[in-house]
Each structure stands twice: as C-alpha cells, then as structure tokens.
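Student: One structure follows; several queries about it will come next.
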C-alpha cells in the first residue's frame, strides 16, 4: 500500500472519483503512456477495492504478472503501477486474487482500445491528440439552437450498412468514404450510429458491452473513428451515438463480479439481474460507478467529438419492476417502484454534459410516461433535450398496418398524438427496433397490393415529416427495404435497380430536402402555435388536413389514408391567394400514377372548415400533399399569364370518389 500519489495522479482525482464527482476519470484511470523521470512507460490504474492482490499481465510479460504487482492507494480501492519502456499496441489485462483465494483475469474497464473478438484483451492505446480540423462545424453548431433547427437523423448500423463479406466489415475510414457522401446526398443533418463501444457478440448490435471506453475493433482503431467523425463534421453532418448506461453483459472478462465481488452491479440479485436481456444493471447508488459512467459520456465528446448521445432504455433504468417477474420486485426507500438512484444519475448526467457541451444532443429512448423528461433539472425534469416519441410511433404503425377500410374506426390513432405533442421535445423515431425480430420492414407492414404498399409508405413518410417533432429513419427505409433488417448481412442495395424502390429513394430524398427547406416544419416544433388542424374529424373518409406554421410562413398538408380518389376535395385555408403544391406523393417520378397537372390552387371565398377561404384538390388514394402559400399578388400575376393554376370547382358537396374501377357517388367531407 502506498500513500504518495503516483506520476500523473492527484489526491483530488481519486477523491472526486470515490465521491462520484469525477467527470474525466478516463484521464487517470486505465493505461496511459507517460514520460517520467524513469523514462517512458505506461501507468496503469484500476478500481478493485475487494481484490487482495492486483497485477498487470500481458504480451509484454508472457501473461505472468508476478513481476508487475500493483500497489493500492490507501483506502481508495484504486491500484496503480508504472511499467517502464512499454509502448502502445501491447495487449494486457488485470489479474486479481479475490478474498476467497480465486484468481480472475479481467479486461480494463477504462481500456481505450480492445483486441478484435473473439480475443478479449485490452490494448495499450496511442493517446496522442488527433489533428482535428472540424472547427468550422463547431462554430456553426454553437450558433444554432437544436430546438429551432432541422434535425433529420439517419440511424445506421455500421456492421450491416455495407459489408465486404461475412464478418468482413467496412473500416471507419471506408465508411467515411461511402456513408458520409451518401448521407449528405440524401439530405440528412445527422448520422446516428448504433453503439460503438466494444462488445463480444455481433448479434447484440453493441447493446451488451464489455469495453465502455473502447471503440469496437470490428471497424478499426480509435483514430479511425476520430477520422470518421472529423470527416462527418467537415461535410456538415453531426454524429450521434447510441449509449448504454443501463446494463452490461455477463462475459467473464467484463464487469461482472469484477474483483470477485458485485462491484459495478448491485449486491441484490433482484435488482442486478435483467432476465429478459440476460445482462446486469449498473448500481447507480455506488459513487465510483457514477464517476465511471458520467466520465464515459464526456469521454466520447472530448476524445471523439461525438455531438450527442441517444441514451438507451431509460424506462428500464428508472423502473425497478420493468421486465422483472413479481418475485424479483424491489422497492425504493419510499415504498415505490421508481429507481431513485437511476433518476439522480440521469439528472446528474445531463447537468454534467450540458455544463461542458451546452449544444450537445441528449436523446432519451424512453417508452415510459415519466413526466418532464426534456425539462431542465432545476424545474424538476430529467434534463434531456429530446425524447423519442414512442407513443406516436406505436399508434401510427398500428394504424398503417390496418386494412384501409378499417381505419375509419381507429382515426384517433393518427390524431391523438397532437394532444401531447408539445409536452416534451420529441423526436419521431422509425428505428431499427421496428424492422427486426419478425416485425417486418416498414414497406412490408403496409397492407394491400405491391403498388399500394409503396403508395402508403410514401403517404406515411409525408405525415411523419410534417408532424411536429424532429425525425429519425433507420437505414434501408429510404428506398423501401422489403425484407426486415438482417443484422448479419448488408442492406439490399440491389433493390435500387428496381423502379419502385428507386422511385421511393427519390421520394425520400425530395421529402428530406423539402423538410430542411421549409422552416415552418421545424423552427417552432416546441410551440403549440406551430400546428393548426384544418379538419381533424374526417374519420369516415380517413383524411386529415392541417397547417404547420413557422415564424413568417406556413404550409398546408392533406393526407388521404383511404383507397378512395376525390376529384374535388375542399379544405379551408387561412388566406386568400395562391397555394403551390410542393409535393404530391402520387407523382409518377415517385412511383405514383399522377402526372400532376394541378400544380397550383387558387383560393376562393367559399367558407369551409370555419374559414372564409378554401381550395379544392384532386386527391388520389393513399396520397400526401404539401402546399405552400405564395400570396395573393402572385396569384393575380399567374392568372394573367395563364400559368397552371387550378380554378376551384363549384360542386363541392358532390365530388366523385373512385375505388379501383368501381365508381361511387360520395360527398367530400369537411364539415363545411
């Protein structure tokens, strides 16, 4: 046992670590190449309070640690050792003699690099500074508020976006060459990557981790990831990473019983065990665990310039009963099922991240009804700045999977979300979780014929893009991947050789561009005033119409979720003038049947939907339309020039509805 602090460590470092107040514990824990009076070498530091003996073993000592026994720093539980002449690239582990006399070998929880699986050793990493050149990105990002900016996220699994063969993955540099230009071309603002921390099993997709500080070796080394992020920023793309602070896997070389005792997990197995996932929950009551996790969040932003973290499984973290059998229920000190330690941790996490990175993105993947997830902690919230809107996603997918003739009985599924859309800062996720494990792809969830599936997916995407909230789409959804996601194979890129999928690809790119170019679709997402229903009640015809308002403009949206075609569908509009159709999902260029002869609509003074002005539209089946107001003076000019303006018809109460070869007389609804 030593009392003097080793090279590069301070008493304050260890004190803050033990108290759960260290925000940069990665700077002194783990393996650090340093220069000292003894020369160059590597200083090791590990927290193992219950180990009676701790040693460093590795390729440099033939995995025999007798000559490399670590020294304990007082009563801190931290063991240290300086090994001269060591360099980056050497493999190592920690070897502990437990209180019971057993010998166990563990990877370094703070390892910055890991051996490629199935190897389990840690790697002494090159910790020299990367030559970043993304300063302009930070200048631009720091001048924007994410709430009033477009946020269009492309969720990606690097191990299956593209691959070179079975378990032959693209490197971080190769992903930079292909993925970044593609995402830019498609119009995304951010790439979200499934977890990149080291994990032993490919099929866990990175959600069951052993190396929380180590970018997975599947795609290369840490500097490769730095180069990828740097290239993203230079191309105008932000980078979000899925982050998993709720649990860890049980592999022997990992955190489980790390020094022979429950250390990162709690001692009470009823709380520690997560039987549904076969993992262990972190013990958020332990201060050193809090330091480990909060420092990890800061590490990804410090070292890799990650712009934000999507925090996985928040609902599971904060609920002591979730996914547990009744005989495993435990209760907090107040007698409730809320995990008070996890709630304190999440608040502290967000406070810390925003202290260092005020413009970071902290996204809660939370399926619970916990209030104020995206409210500041000083107002009683959890402190995230965005939350996934799982309610909207579940309702909409349930609705879209119904046969169209049944939708009129479930109209609330597409309208209820507006009752709570402004209670949080929401992201509308169409994520990997919805297209795997037998759930089918988004395209294949749509009912009907082959052509109807594409038409309904275009319609669904249109409503998704214009509904309040930021957007997230999982890879492959942009061209209508027909099979569900196969994590061991790459996406079905060959589908782009087929007209229907290529047209869908074109549609999504066009829709992305319209979203980014229309401030009314994103600059007031937090404000109820950004949204006005035109007609919310038309359940009989399964049609909705509404307005999205920006600070200085507005757009009009009509979505027909039925098989009916309406030749003269009338809606009320806010102002007299010209309304230009910016997007019709049924256009031929997107795989539809419409040549879009009607490109502009002039309003007339016919009261409808409680408004003085109205327009009429040709509304095909399964069609989404987005219209922009262009003013009365533009209308007058176009009428004088005779340019493509649709004059309103007068037979509003008796428009024709058609159902695939069968004509029926039907009034256009609209509660005029």
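Where a number appears in this text, it was derived from the coordinates with a stated rule and is not lab data. Not measured: the values here are computed from a predicted model. No Cβ is skipped: glycine too gets one built from the backbone with ideal geometry, and neighbour counts run over all protein chains shown.
Student: Quick one: of the DSSP bridges fully inside the chain, what percent are antiparallel, nearest 5?
Tutor: 70 percent
Student: Something else: If we sort 398-407, 427-436, 27-36 on the protection proxy, mean other Cβ atoms within 10 Å, highest first, what's the order?
Tutor: In decreasing order of mean packing, 398-407, 427-436, 27-36 become 427-436, 27-36, 398-407.
Student: In terms of the Cα gyration tensor, with a ≥ b ≥ c the square roots of its eigenvalues, is the range 11-123 rounded because a/c is under 1.5, prolate because a/b exceeds b/c, or oblate?
Tutor: It is rounded, given that a/c, with a ≥ b ≥ c, falls under 1.5.
Student: Shifting gears a bit: Taking 8 Å as the Cα distance limit and 6 or more residues as the minimum spacing, I'd like the relative contact order of the range 512-583 as a percentage.
Tutor: Contact order relative to length: 25 percent.
Student: Here's another thing I want to ask about it. Using alpha carbons only, how many angstrom separate the centre of the range 416-478 from the centre of the range 547-575?
Tutor: 20 Å
Student: Let me ask something else. Set the Förster radius R0 to 45 Å, insert the Cβ-Cβ distance between residue 527 and residue 35 as r into 1/(1 + (r/R0)^6), and round the FRET efficiency to 0.05.
Tutor: Once the sixth-power term is evaluated, E becomes 0.25.
Student: How big is the Rg/Rh ratio for the chain, C-alpha atoms only, Rh by Kirkwood, two decimals?
Tutor: Radius of gyration over Kirkwood radius for the chain works out to 1.04.
Student: In nm², what is the average projected area of the convex hull enclosing the Cα atoms of the range 93-188?
Tutor: Mean projected area of the Cα convex hull: 10.9 nm².
Student: With n ≥ 4 as the cut-off for DSSP H runs, can you work out [θ] at 222 nm for the chain, using -39500 (n - 2.57) per run divided by the number of residues, rounded to the nearest 500?
Tutor: Calculated from helices alone, the mean residue ellipticity at 222 nm is -7000 deg cm²/dmol.
Student: Another one. Let me check against my output: what whole-number percent is the relative contact order of the chain, with C-alpha pairs under 8 Å and at least 6 apart?
Tutor: In percent, rounded to a whole number, it is 10.
Student: While we're on this one: Only counting other Cβ atoms within 10 Å, I'd like 24, 501 sorted with the fewest neighbours first.
Tutor: Listing 24, 501 from fewest to most nearby Cβ atoms yields 24, 501.
Student: At a Förster radius of 25 Å, what calculated FRET efficiency corresponds to the Cβ-Cβ distance of residue 52 and residue 287, to the nearest 0.05?
Tutor: E(calc), rounded to 0.05, equals 0.65.
Student: What's the extension gain from residue 64 to residue 594 if we count 0.36 nm per residue and subtract their Cα-Cα distance?
Tutor: So the extension gain works out to 183.4 nm.
Student: Would you list 497, 126, 242 from fewest to most Cβ contacts within 10 Å?
Tutor: Arranged by neighbour count, lowest to highest, 497, 126, 242 become 497, 126, 242.
Student: Once the piece of chain linking residue 15 and residue 553 is laid out straight, how much longer is it, given 0.36 nm per residue of separation minus the C-alpha distance between them?
Tutor: 188.2 nm
Student: Given an 8 Å cut-off on Cα distances and at least 6 residues of separation, report the relative contact order of the range 5-125 as a percent.
Tutor: 24 percent
Student: Between residue 332 and residue 139, what is the label-point separation in nm under the 7 Å Cα-to-beta-carbon projection?
Tutor: The modelled label-to-label distance comes out at 4.6 nm.
Student: Let me ask you something else. How big is the Rg/Rh ratio for the range 416-509, C-alpha atoms only, Rh by Kirkwood, two decimals?
Tutor: My calculation puts Rg/Rh at 0.99.
Student: Same structure again: Determine, for 410, 23, 190, the number of other Cβ atoms within 10 Å of each Cβ, and report the residues in order from fewest to most.
Tutor: Lowest count first: 410, 23, 190.
Student: Would you calculate the separation in nanometres between label points at residue 321 and residue 116, each defined as 7 Å from the Cα along the Cα-to-beta-carbon direction?
Tutor: 4.8 nm
Student: Note the full-extension length gain between residue 103 and residue 489 as 0.36 nm times their separation in residues minus their Cα-Cα distance, in nm to one decimal.
Tutor: 135.0 nm
Student: Need the C-alpha centroid separation for the range 328-396 versus the range 121-151, integer Å.
Tutor: 24 Å
Student: How would the range 214-341 be classified by its alpha-carbon gyration tensor: rounded, prolate or oblate, with rounded meaning a/c under 1.5 and the a/b versus b/c comparison settling the rest?
Tutor: Since a/c reaches 1.5 and a/b is larger than b/c, the shape of the range 214-341 is classed as prolate.
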